[in-house]
Amino acid sequence: MIFHSTRDKSLTATLSQALQRGLAPDGGLYVPARFPAMTVADFDGRESLAAVAPRFLAPFFEGDPLAPELDAIVAEAFNFPVPIVPLKTVDDASVLELFHGPTSAFKDFGARFLAACMGRLTRGSTRTLTILVATSGDTGGAVAAAFHGRPGIEVVVLYPRGLVSPRQELQLTCWGGNVRSLSVAGTFDDCQRLVKAAFADPALAAQRELSSANSINVGRLLPQACYYVYASLEGFRRTGKKVNFIIPSGNLGNVLACVWARRVGLPIGELLLTFNANRTVPDYLANGDWQPRPSVATLASAMDVGNPSNMERLRYLHPQWQELAAAVSAVSISDEQIRQRIRTDDVALGEVWCPHTATAAEAYAQLAPARRAAGPWVLVSTAHPAKFPETVEPLIGRTLPVPPALARLLELPRQVTEVPATLEALAALLP
Ligand SMILES: *Cc1c(COP(=O)(O)O)cnc(C)c1O
């Protein structure tokens with residue numbers, strides 16, 4: 001499979017090259033040159049995530065040096081459970097729990113897969129690879145966890161000071177060794193801008209091998225598509241109907257992964273994207289006017305994105321906004337609705353949502369009855385609620401048990417450097 005830039009089809013790359021570069025040389029994002037066609041029958045006899053993933057990924061890996069390692073990469077990366085939990089609702093609805101990895105958020109899928117690939121690609125290389133990652137809270141921890149201790153790779157994590165949850169911050173700064181954590185005086189958009197600026201700076205790139213682990217990296221989207229393949233097959237085999245997903249969204253990586261899975265032919269129906277008060281995408285879908293804006297802080301902080309990078313991939317697939325508006329729909333959920341939904345569903349459904357997942361639960365509750373009854377709905381649960389105790393615990397009136405993997409990380413000592421949001425400051429700190 002060949003990949004090319006969203007901005008220039010002549011800028012091609014193999015999968016390995018796209019993984020290592022992160023961003024295309026012209027600043028565009030890598031997309032597959034074609035989408036292979038797949039049917040449900042292609043997955044006959046394959047049920048678990050670990051079984052469907054290699055089948056789905058094989059055409060994307062075809063011809064690449066990593067292809068012979070695909071099974072091993074999948075086995076190494078997806079080594080935790082992915083439950084699909086039925087909801088106690090009248091209509092067919094379930095929760096895809098993506099938070100059982102080491103850092104309790106769905107970012108573990110992409111980060112662990114990317115690390116398994118990069119670890120193989122840098123084997124035997126004498127140059128250190130520096131991975132830059134901007135995080136709104138969860139990506140940085142997942143990437144640090146996945147790459148920590150890997151020889152030949154350094155990780156630099158940039159996060160917005162004061163704008164991540166205390167437990168997220170602990171997870172971002174507990175590593176040391178080959179992981180450096182930078183607390184940036186700015187927003188997530190500033191962090192993302194700095195990473196992009198570092199890539200665009202010829203002097204910086206000449207001195208070291210730079211790569212990115214943000215959701216701009218195609219090596220995160222492909223593994224994320226696998227759980228949509230898995231969940232859509234489960235729902236389709238059970239009901240004979242296409243499966244609709246509700247996806248808490250920020251930078252649109254998770255959405256893109258689902259769009260790609262639907263594009264190749266998996267039985268996926270509606271995609272309902274949920275946003276917090278950062279309304280760039282819902283407003284665009286409503287009026288066709290693309291107006292990126294500074295992000296505002298909300299309870300669902302990992303979704304505080306004003307200028308989502310993966311929009312470029314979405315618009316590449318659907319250049320006309322009417323076409324895009326037909327392919328996906330979106331709602332914006334307020335902090336007050338998030339709070340109310342966490343309280344309500346704890347009592348009504350016995351489910352405790354993280355603030356991000358609560359946006360999906362609220363969107364589900366808002367569906368018109370006919371639409372809700374139209375097919376199985378899957379609410380994508382993006383993080384464990386115990387990552388956000390300061391928000392969730394007062395609403396449900398009790399303490400949440402912390403998953404053991406998370407508890408271990410929270411006990412490690414902190415190592416963090418404070419920096420202003422400038423490229424000079426970042427450059428001075430790069431290994
Ligand atoms: C990253 C994140 C999101 C948003 O996902 P995108 O791929 O950036 O759209 C939602 N919820 C949680 C918990 C996250 O960490």
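Remarks
- Cα gyration tensor shape of segment 269-313, rounded if a/c is under 1.5, else prolate or oblate by comparing a/b with b/c: oblate
- Segment 322-423 shape via C-alpha gyration tensor axes, a/c threshold 1.5: oblate
- Pairwise centroid distance, computed over Cα atoms, of segment 23-100 with segment 400-431, Å: 29 Å
- Sum of side-chain charges, Asp345 neighbourhood, beta-carbon under 12 Å (Lys, Arg +1; Asp, Glu -1): +1
- Neighbour cut-off at most 15 other Cβ (10 Å), DSSP loop, chymotrypsin sites (Phe, Trp or Tyr not before Pro), segment 234-315: Trp290
- Distant-in-sequence amide H partners of Ala93 (H built 1.01 Å from N, under 5 Å): Leu87, Trp377
- Helices in the chain, meaning DSSP H runs of at least 4 residues, each add -39500 (n - 2.57). Divided by all residues, the mean residue ellipticity at 222 nm is -12500 deg cm²/dmol.
- Length-normalised contact order for the chain - Cα pairs under 8 Å, 6+ apart - percent: 19 percent
- Each residue of segment 224-233 is assigned a 3J(HN,Hα), and the resulting list reads 5, 4, 4, 6, 6, 4, 4, 6, 5, 5 Hz, derived from the Karplus form 6.51 cos²θ - 1.76 cosθ + 1.60 (θ = phi - 60°), x at Gly and Pro.
- Near the amide H of Leu23, within less than 5 Å, lie the amide hydrogens of Ser212, all on another chain or at least 5 residues away, with H placed in the peptide plane.
- Value of D in µm² per second that Stokes-Einstein yields for segment 168-235, Kirkwood Rh from Cα pairs, at 20 °C (1.002 mPa s): 143 µm²/s
- Members of Lys9/Lys241; Lys107/Lys196; Lys9/Lys242; Lys242/Lys387; Lys107/Lys242 lying beyond 27 Å, as alpha-carbon distances in this model show: Lys9/Lys241; Lys9/Lys242; Lys242/Lys387
- Per-pair calculated FRET efficiency, R0 = 60 Å: Ser10 and Arg238 via Cβ, rounded to 0.05: 0.85
- Residue-wise HN-Hα couplings along segment 23-34, as the Karplus relation 6.51 cos²θ - 1.76 cosθ + 1.60 with θ = phi - 60° gives them from phi, are 9, 5, x, 8, x, x, 10, 6, 10, x, 5, 8 Hz; Gly and Pro carry x.
- Residue-normalised convex hull volume from the C-alpha trace of the chain: 130 Å³ per residue.
- For segment 206-220, the Karplus equation 6.51 cos²θ - 1.76 cosθ + 1.60, evaluated at θ = phi - 60°, returns couplings of 5, 7, 7, 8, 10, 9, 10, 10, 6, 6, 6, 7, 4, x, 9 Hz by residue, with Gly and Pro reported as x.
- 5 angstrom amide H check on Ile131, placed H, neighbours 5+ away: Glu154, Val155, Val156, Ser211
- For segment 336-350 versus segment 226-305, the spacing of their alpha-carbon centroids is 21 Å.
- Cα-based equivalent ellipsoid, segment 44-180: semi-axes from gyration tensor eigenvalues, Å: 27, 24, 10
Only the coordinates and a few stated rules stand behind these numbers; no lab work does. Values in this document were obtained by computation on a predicted structure and should not be read as measured data. Note that each Cβ is placed from the backbone with ideal geometry, even for glycine, and that neighbours are counted across all protein chains shown.
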